[in-house]
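Input: a single structure, listed below in structure tokens.
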Amino acid sequence: MEKFVIEGGYKLEGEIEISGSKNASLPIIAASIMSEEKTILKHVPNLTTFPTMIKILNYMGVKTKFEDNTLEIDPSGIYQFTAPYEFVSTMRGSICLLGPLLAKYGKARFSMPGGCVIGPRPIDLHIKGLKKLGVLIENEEGYIIGKVDKLKGNNIFIGGSFGSSVLATANVLCAAVLAEGETIIEYAACEPEIVDLANFLKKMGAKIYGEGSHLIRVEGVKKLKGVEYTIIPDRIEGGTYILAGYITRSRIKVNNIIPSHLFALFDKLEEAGLDIKYGENYFETIPKETWKAVEVTTLPFPGFPTDLQAQMMSFLTLSDGISLITEKVFPERFIHVGELNRLGADITLDGSKAIIKGVKSLKGAKVMASDLRASAALVLAGLTAEGITEISRIYHLDRGYEKFEKKLSSIGAKIKRIKEES
Ligand code: EPZ
């Protein structure tokens, strides 16, 4: 295994380029099997997330080629429709293959994805939506077996007790695209990744209206064609680097972002007393020595993203007051709290709320990565902590951040990736 060794306290300077979105790529790669023809996806980030997704596709008979952030997908040879446990258990995002498989082939045998450190990851809304489109779904030895002769359009409400669901919306949207007749998806997720998926499907020939709102209308079509498509930038990677700039009190330029994807973050940074400066496709951090404590509640888009909660918490450990973070999407998503406290933060938990008392500075220590975004939070803390911070199990990071330490080193961070003594 590998670890990061970070020498904290250095100012950053320069420009960073944001890669393509992990969470837009996954449902779009899945949706590409809904055509008979080859699809070419550009700006796909080179993450360890994708080899597993590609393994599942190859296992089904889909031919793929991935180089220089371009992924070619040729689904013409698909001959089986099972996603085995050994693959799905390591990459629960592969559940977004369920809708496309049922839409195009009328069958799917899918291992139930397990939970993960951020909480139980139920799929009841996925199942509810697919059943409303006529899919017969059974459970067998931890596998979901889905069958349908002809998907029929319907009115579907897929809001859950935590609001909308991103991948449930993706699955139902994909299935609706090739269903007979019209489908109304009520309480659909509004995330930019869903809009990107809809744009991709429309380029393939789908008839979709209202994406980006809670009500999406779909008119079913018979066929979809293979296309060339460029994935949107990763808003969570962008927000992570913006917070890296602020937490190290540095002036950096984060390029290739879509500002409207990060307005909730900008709003909180402004409330903390920071000057916000961005242009059409970049953000510039203007450093301040201190910042105010704020209250943050994570919500589905356009609310504050749960995927930036841990990184925001790192930033708030140094505020000049007492901040409160309420996690309303994944109420247990606080695995980073213990590790941040090891670095000298002063955070206490009360159910789905974290109370963060600002401290003067953090002190380097050995910590352990555990979840993708929690690990990013530890890197941000390490960049500002006095002395050396060692972060073990950084394979978690490689799932969601392309060239993380290379991008940070290119703007002056003292961060090295080294093999851990076994
Ligand atoms: C997507 O996961 C993202 N993953 C997550 O990013 C992100 O945190 C999440 O959306 C919320 O924005 C990908 O896109 C691959 P949800 P998803 O269904 O779709 C509950 C990262 O770090 N729910 O929107 O699985 C669920 O438990 C990852 O990049 C049900 O109750 O999340 C949660 O409380 C982590 N029933 C809430 O909805 C369901 O059937 C939102 O989850 C489905 C979800």
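The values are calculated or read from the model by the stated rules, or taken from the named source; none is laboratory data. Worth saying up front: this structure is predicted, and the values here are computed from it rather than measured. Positions of Cβ are generated from backbone atoms using ideal geometry, with glycine treated the same way; all protein chains shown enter the neighbour counts. Side chains included, ligands, DNA and RNA excluded: accessible areas come from the protein's heavy atoms. Shrake-Rupley method; radii C 1.70, N 1.55, O 1.52, S 1.80 Å.
When you go through LYS225, LYS277, LYS253, LYS268 one by one, which is the residue that is in a helix (DSSP H, G or I) and of a type in the set (D, E, K, R)?
On the way: LYS225 fails: in a helix (DSSP H, G or I); LYS277 fails: in a helix (DSSP H, G or I); LYS253 fails: in a helix (DSSP H, G or I).
Criteria check complete, one pass: LYS268.
Scanning the stretch 219-242 for residues that are over 19 Å from THR70 (Cα atoms) and among the aliphatic types (A, V, I, L, M) yields VAL221, LEU224, ILE236, ILE242.
Has the stretch 79-87 got at least one residue that is buried (at least 20 other Cβ atoms within 10 Å of the Cβ), touching a residue at least 60 places away in the same chain (Cβ under 8 Å) and more than 12 Å from the ligand (Cβ to nearest atom)? No: the stretch 79-87 contains no residue that is buried (at least 20 other Cβ atoms within 10 Å of the Cβ), touching a residue at least 60 places away in the same chain (Cβ under 8 Å) and more than 12 Å from the ligand (Cβ to nearest atom). Close Cβ contacts (under 8 Å, 6 or more residues apart or on different chains) running from residues in the stretch 222-236 that are closer than 19 Å to LEU308 by Cβ to residues that are open to solvent by 80 Å² or more (accessible area, probe 1.4 Å) and not in a helix (DSSP H, G or I) are absent. So, of the residues in the stretch 349-404 that are basic (Lys, Arg) and within 27 Å of ASN69 (Cα to Cα), which turns out to be most open to solvent (accessible area, probe 1.4 Å)? Ranking the candidates gives LYS403 first.
With respect to SER213, determine if the residue is more than 15 Å from the ligand (Cβ to nearest atom), in a helix (DSSP H, G or I) and surrounded by fewer than 16 Cβ atoms within 10 Å (Cβ to Cβ).
Details: more than 15 Å from the ligand (Cβ to nearest atom): yes; in a helix (DSSP H, G or I): no; surrounded by fewer than 16 Cβ atoms within 10 Å (Cβ to Cβ): yes.
No: the conditions fail for SER213.
When GLU228, GLU186 are checked against the criterion of being touching a Gly at 6+ places or on another chain (Cβ under 9 Å) and among the charged types (D, E, K, R), a single residue qualifies: GLU186.
Set side by side, the residues ILE127, ILE118 differ, and just one is within 17 Å of the chain's Cα centre (by Cα) and either near the ligand (Cβ under 9 Å from one of its atoms) or modelled with pLDDT of 95 or more (or both), which is ILE118. A Cβ distance below 6 Å, combined with a sequence gap of six or more or placement on separate chains, defines the contacts here; from the stretch 308-333, residues that are more than 15 Å from the ligand (Cβ to nearest atom) reach residues that are among the polar types (S, T, N, Q) in the pairs LEU316/SER323; ASP320/THR290. The listed residues are LEU133, LEU98, LEU57, LEU47, and the only one of them that is open to solvent by less than 10 Å² (accessible area, probe 1.4 Å), of a type in the set (A, V, I, L, M, F, W, C) and farther than 27 Å from GLY20 by Cα turns out to be LEU133. Here THR48, THR70, THR64, THR82 are screened, and the one residue that is out of contact with any His (no Cβ under 9 Å at 6 or more places or on another chain) and modelled with pLDDT of 95 or more is THR64. Evaluation of ALA198 against the conditions (1) in a loop (DSSP other than H, G, I, E, B); (2) small (Gly, Ala, Ser); (3) buried (at least 19 other Cβ atoms within 10 Å of the Cβ) shows that the sole unmet condition is (1).
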